[in-house]
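Worksheet: one structure, shown below.
The values are calculated or read from the model by the stated rules, or taken from the named source; none is laboratory data. What you see is a predicted model; the values in this text were computed from it and never measured. Virtual Cβ from ideal backbone geometry, glycine too; neighbours counted across all protein chains shown.
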Amino acid sequence: MNIAHNALKTLLLYIIILTPILKVAVAQNVTSYEAKSAIRCSDSPFQSDVLFVTDLKSTYLLQCITELLPAPPKGYLPAPTSYRWSASSGKIEANQDECRWSQPESGLQEIQVSGIMKYLAPNPTGFFSRKLPDIEVPFRSSLKCLIPLQVDVIKNGKVNGFVVGDYPDPNDWDDLKNASNSAMVKANADIYQPPKLFYCVIPETYNLKIFKEYTLGDFDLDPRFLPLKYPRYVVIHPRILRKLDLLETQVRNAGITLSKFKIFYGYRSPAYNLGSREEDGGITLKSGFSTHMYGLAVDILIDEDDDLVMDDLDGDGRTTEEDAKILLNHVNKLDRLLLQQDSELVGGAGWYPHHDFWERGEYVQSPYVHIDARGYTNGQRLVRWIGKDTIGIRKRSNPYKQNAPIPPWPW
Ligand SMILES: [Ca+2]
Ligand SMILES: [Ca+2]
């Protein structure tokens, strides 16, 4: 009797506990909801793993985009969503799903938003129908932002302790002697001013994508070949990112497979450029006013098989200077169009038929192409040049083939 009584009690208890749960489950068709959210910046195209900040004077407008998955059932009405914004540094002016952000500190910063998405259940329609539960789902998102360090005057050739060397003066005749074309440098002195914005490169930021598939480290020297102390600083002008993007489109439209260009050299400081002149075999490969020093240039390969050698673009079964020429022809086509459009993205290009990247030892020898977004031409002619043969000068054999395994990443 007692056992039966206890069993009945337990059953009743279960019914009492389970009924509301079952009701919700039935009402919501056992749906569990998820609120997806993301922070987007409409003011900048440079957003990938991080928002890549290129202008410290700007106020960035950030928007939180939310979506309930799956969509709420028919009849549910959205209630105002609550948002709570915060930032690791800088000034925030939040207004619902939007937030204006300004004056952030340099380095890797983070914006966060959290809140609750709410949908109100429809009112019951019949005498026996019950009110369904409202839907309330919390969400949380964050956006990493890479903020440059502003350096108005480079003192003692250093940026926050990192040696960049002395930038030459485009109005000084002594400095102009080292320019490959002093008249053009002098006439375009505005782009040859010492840069003011430097991005800090550390192992934690090296692999962060700043724009589409391009990482911050793509613009720094490769630590697999040249282990140097961190933190380091690089300059990346937004114009070269926009130009890489246009060139990618142009190359892909021609039917060439390309995930991204492999950047051999992005930023090179004046100290690095001067130091490596000697290593280039005693010849001056690097101009005293190289656009690499201003973050306006990249040396690139198409290297989908990732062997650090230009791919066989013309399909003759081997890598030669002709493969680099195919890429150069695409740069020419793009630059002619940019010149017609009077675009600031127009630039110089160099064809390097044979080249030895001295600091990578025997690992890397490949034809490549230099592109830049210097913004000027030589009248109606594009600025173009052919690189010297450093493999021949250094008497390296077996070009374009690796003869040693590529070193592992140091982290
Ligand atoms: Ca290759
Ligand atoms: Ca070929």
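Here are some notes:
- Ala94, sole failed condition from (1) under 15 Å from Leu51 (Cα atoms); (2) surrounded by 13 or more Cβ atoms within 10 Å (Cβ to Cβ): (1)
- Taking the range 363-385 as the range and being in a strand (DSSP E or B) and loosely packed, with under 14 Cβ neighbours inside 10 Å as the test, the residues that pass are Asn378, Arg381.
- Residue identified as modelled with pLDDT of 95 or more and of a type in the set (Asp, Glu) among Asp389, Asp356, Asp316: Asp316
- Subset of the range 113-146 [of a type outside the set (S, T, N, Q) and not in a strand (DSSP E or B)]: Ala121, Pro122, Pro124, Gly126, Phe127, Phe128, Arg130, Lys131, Leu132, Pro133, Asp134
- The residues on offer are Lys395, Lys388, and the sole one that is of a type outside the set (S, T, N, Q), in a loop (DSSP other than H, G, I, E, B), without any contact (Cβ under 8 Å) to a residue 24 or more places away in the chain and surrounded by fewer than 20 Cβ atoms within 10 Å (Cβ to Cβ) is Lys395.
- Of all residues in the range 310-339, those satisfying the criterion of being surrounded by fewer than 18 Cβ atoms within 10 Å (Cβ to Cβ), away from ligand 2 (no atom under 15 Å from the Cβ) and of a type in the set (D, E, K, R) are Lys333, Arg336.
- Selection from the range 167-203 of residues that are assigned to a helix (DSSP H, G or I), in contact with a Leu (Cβ under 7 Å, 6 or more places away or on another chain) and of a type outside the set (A, V, I, L, M): Ser182, Lys186
- The set of residues from the range 340-352 being out of contact with any Phe, Trp or Tyr (no Cβ under 9 Å at 6 or more places or on another chain) and either buried (at least 18 other Cβ atoms within 10 Å of the Cβ) or at pLDDT below 95 (or both) comprises Ser343, Leu345.
- Being in a helix (DSSP H, G or I), in contact with a Lys or Arg (Cβ under 9 Å, 6 or more places away or on another chain) and in the same structural domain as Asp305 (by TED's automatic domain parsing) is a property that does not hold for Leu337.
- Filtering the range 277-309 to residues that are in contact with a Phe, Trp or Tyr (Cβ under 7 Å, 6 or more places away or on another chain) and modelled with pLDDT under 95 leaves Glu279, Asp280, Phe289, Leu308, Val309.
For every residue, the table says whether it meets (1) assigned by TED's automatic domain parsing to the domain that holds Val53; (2) at pLDDT 95 or above; (3) touching a helix residue (DSSP H, G or I) at 6+ places or on another chain (Cβ under 8 Å).
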{"position": "Tyr233", "(1), (2), (3)": "no, yes, no"}
{"position": "His237", "(1), (2), (3)": "no, yes, yes"}
{"position": "Leu247", "(1), (2), (3)": "no, yes, yes"}
{"position": "Tyr272", "(1), (2), (3)": "no, no, no"}
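- Candidates Asp314, Asp372, Asp389, Asp335 - the one that is touching a strand residue (DSSP E or B) at 6+ places or on another chain (Cβ under 6 Å) and of a type outside the set (A, V, I, L, M, F, W, C): Asp372
- Test: residue in the range 350-362 that is assigned by TED's automatic domain parsing to the domain that holds Ile191, within 16 Å of ligand 2 (Cβ to nearest atom) and assigned to a helix (DSSP H, G or I): no
- Gln109 meets the conditions (1) over 30 Å from Phe211 (Cα atoms); (2) touching a Cys at 6+ places or on another chain (Cβ under 6 Å) in every case but one. The failed one is (1).
- Residues that are farther than 27 Å from Pro231 by Cα and free of Cβ contacts under 8 Å to residues at least 60 places away in the same chain within the range 132-175 comprise Asp134, Glu136, Asn171, Asp172, Trp173, Asp174, listed in sequence order.
- Criterion violated by Leu108 - all others in (1) aliphatic (A, V, I, L, M); (2) assigned to a loop (DSSP other than H, G, I, E, B); (3) within 26 Å of Tyr267 (Cβ to Cβ) satisfied: (2)
- Here is the figure for the range 185-205: residues that are within 12 Å of Asp49 (Cβ to Cβ) and crowded, with 18+ Cβ neighbours inside 10 Å total 1.
- Between Lys118, Lys131, the distinction of being surrounded by 18 or more Cβ atoms within 10 Å (Cβ to Cβ) and assigned by TED's automatic domain parsing to the domain that holds Gln63 belongs to Lys118 only.
- Scanning the range 304-329 for residues that are within 12 Å of ligand 1 (Cβ to nearest atom), touching a residue at least 60 places away in the same chain (Cβ under 8 Å) and under 16 Å from Val251 (Cα atoms) yields a single hit, Met310.
- The numbered conditions (1) touching a residue at least 60 places away in the same chain (Cβ under 8 Å); (2) over 17 Å from Lys262 (Cβ atoms) are all true for Gly348 except (1).
- Verdict on Leu296 being surrounded by 14 or more Cβ atoms within 10 Å (Cβ to Cβ) and in contact with a Leu (Cβ under 9 Å, 6 or more places away or on another chain): no
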